[in-house]
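Data block below; observations after.
No value in this document is a laboratory result; all are computed from the given coordinates. Predicted, not measured: the structure shown is a model, and the values here were computed from it. Glycine gets a Cβ as well: all are built from the backbone with ideal geometry, and neighbour counts include every protein chain shown.
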Amino acid sequence: MRQGTVRVRKSDLTRQAILDAGRILFARKGYSGSTIRDITTLAEVTRGNFYYYFSDKKALFIELGTVTYKEGMEAAESFGDGLPVRDWVLRYFEYLDRHGAFVIRSVEDAPTDPAFRRSVVKLQRRTAAALGDRMAKDTRKPFRASSASVGMTTMAMLERSWLLMRSTDAPVTSEDLTVDVVAELIERMLAAE
């Protein structure tokens, strides 16, 4: 190839197509409603291609969940890094634009294996605690609740606000106003005496 261009292997494109299709379908139809056939059809790959990269649907779901967790943790840990709260809310909404449908849908419908479910809860609690810890550093008065509770409540507010803003035909408010209101609520929570 010419200098300055990036060469992408066909295998990387195939694997990414499977990941993208899985994320879309799990968000639309849930884990139990999505089949490997659905995924390969949307990705425009063969069943053999799928099994070359993933042992089964659960392995694909776990990989998507791992990426989602890592980016969610990065978003949570970036709170208070010198960013105004409004800018942080925008950053969190950008994370949700990439992963929100998967996050919300996967809570409702994920693999039923108890060990898997415990692992998901542990990761969610870890992310929530990280956000709560960061928020506690910016508050005037210590929270009475645990860091995990503060973080989980804040994440729930963010996720629900994002969902209503993105999924309704007639949003209650514009995106800018929604971001402003969420940021103001967080700022007031941190400033409460």
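For a straight C-alpha distance cut-off of 24 angstrom, the lysines reachable from Lys137 (same-chain residues fewer than eight places away being disregarded) are Lys70, Lys122. Between the beta carbons of Glu74 and Ile104, assuming R0 = 22 Å, the FRET efficiency works out to 0.70 to the nearest 0.05. Overall, the range 7-54 carries a charge dipole of about 80 debye about its Cα centre when +1 sits on the Cβ of Lys and Arg and -1 on the Cβ of Asp and Glu, all other atoms neutral. For volume of the Cα convex hull per residue in Å³, pick the label among [x] 155; [y] 105; [z] 129 that corresponds to the value derived from the coordinates. Recomputing volume of the Cα convex hull per residue in Å³ here gives the entry labelled [x].
Tell me which trypsin sites (Lys or Arg not before Pro) from the range 98-193 have a DSSP coil assignment and no more than 10 other beta carbons within 10 Å of their own.
Sparse-neighbourhood loop trypsin sites (Lys or Arg not before Pro): Arg140, Arg144.
Seen from Ser34, the other residues with C-beta closer than 15 Å to its C-beta sum to a net charge of +2, counting Lys and Arg as +1 and Asp and Glu as -1. Put in line by how crowded their Cβ is, counting other Cβ atoms within 10 Å and starting with the fewest, Tyr95, Tyr53 read Tyr53, Tyr95.
In this simple spin-label model, placing a label point 7 Å from the Cα along the Cα-to-Cβ direction at both Leu164 and Arg9 gives a separation of 4.7 nm.
Counting only alpha carbon atoms, the long axis of helix 175-191 and the longest principal axis of the chain meet at about 50°.
Net charge dipole, the chain: roughly 800 debye, given to the nearest 20, about the Cα centre with Cβ charges of +1 for Lys and Arg and -1 for Asp and Glu.
When the Cα positions of Leu163, Gly65, Val181 are compared along the charge dipole of the range 57-191, Gly65 comes out farthest toward the positive end, with charges on each C-beta of Lys, Arg, Asp and Glu.
Between the listed residues Leu96, Ser147, Gly33, the Cα displaced farthest toward the positive end of the dipole of the chain, a dipole computed from Cβ unit charges relative to the Cα centre, is found at Gly33.
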